[in-house]
1. Looking at segment 98-114, which of its residues are of a type outside the set (G, A, S) and farther than 16 Å from S77 by Cβ?
2. Tell me yes or no: at least one residue of segment 83-105 is of a type in the set (S, T, Y), in a strand (DSSP E or B) and modelled with pLDDT of 95 or more.
3. For the subset of segment 16-31 comprising residues that are part of a loop (DSSP other than H, G, I, E, B) and in contact (Cβ under 8 Å) with a residue 40 or more places away in the chain, which member is nearest to the ligand (Cβ to nearest atom)?
4. If you go through segment 1-17 one residue at a time, how many are out of contact with any helix residue (DSSP H, G or I) (no Cβ under 6 Å at 6 or more places or on another chain) and among the charged types (D, E, K, R)?
5. Could you check segment 32-53 and list, in sequence order, the residues that are away from the ligand (no atom under 16 Å from the Cβ) and either in contact with a helix residue (DSSP H, G or I) (Cβ under 8 Å, 6 or more places away or on another chain) or farther than 28 Å from D119 by Cα (or both)?
6. Just need a number here: residues in segment 1-10 that are exposed (fewer than 13 other Cβ atoms within 10 Å of the Cβ), modelled with pLDDT of 95 or more and more than 16 Å from the ligand (Cβ to nearest atom).
7. Would you call T13 more than 16 Å from the ligand (Cβ to nearest atom) and either farther than 21 Å from V117 by Cα or under 11 Å from the mean Cα position of the chain (by Cα) (or both)?
8. Output the residue which, of all residues in segment 54-82 that are part of a loop (DSSP other than H, G, I, E, B) and within 15 Å of the ligand (Cβ to nearest atom), is surrounded by the most Cβ atoms within 10 Å (Cβ to Cβ).
Amino acid sequence: MSITGSCHCQKVTFTIEGDIPEKLTRCTCSFCSKRGALYAYFQPRQLALKAQPETDTIYRWNTKLVAHHFCANCGCSLYSDSPAFEPDGKWDGVTRRLGVNARLFDDLDAAEAPVTVLDGRNLW
Ligand SMILES: [Zn+2]
């Protein structure tokens, strides 16, 4: 199955080869709590993004290891490209993971979907 979605102004559209996870993730860290995204996680090869180069913009903070992509035109958060950390915090230095903003998906009411809370406020 594939998932389609877009930002509000449609300058960024995407297709994901895969299924919507059973649970989305809400992170409590200082950035995510302000940003309000509900994340669905995928491997980088699953995401095909179509964007004009100047609209896919990146914000980094703290360790700068995570690239938080957003649309420079309408401001919607798109996805976060982060190291694929193990639950104990270890990382192989190579593998990445994408947390895509499920609120942008065409056929999902993300606000009504089951959610796992990630305690980012106390983890980093
Ligand atoms: Zn946009």
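1. D106, D107, D109, E112, P114
2. Looking for residues that are of a type in the set (S, T, Y), in a strand (DSSP E or B) and modelled with pLDDT of 95 or more, one finds none in segment 83-105, hence no.
3. Per the stated criteria, the residue is I20.
4. 1
5. The answer is C32, S33, L38, Y39, A40, A48.
6. Residues that pass the stated criteria total 1.
7. Spelling it out, it is not the case that T13 is more than 16 Å from the ligand (Cβ to nearest atom) and either farther than 21 Å from V117 by Cα or under 11 Å from the mean Cα position of the chain (by Cα) (or both).
8. Out of the qualifying residues, it is C76.
The values are calculated or read from the model by the stated rules, or taken from the named source; none is laboratory data. A quick note: this is a predicted structure, and the numbers were derived from the prediction, not measured. We place every Cβ from the backbone using ideal geometry, glycine too, and count neighbours over all the protein chains shown.
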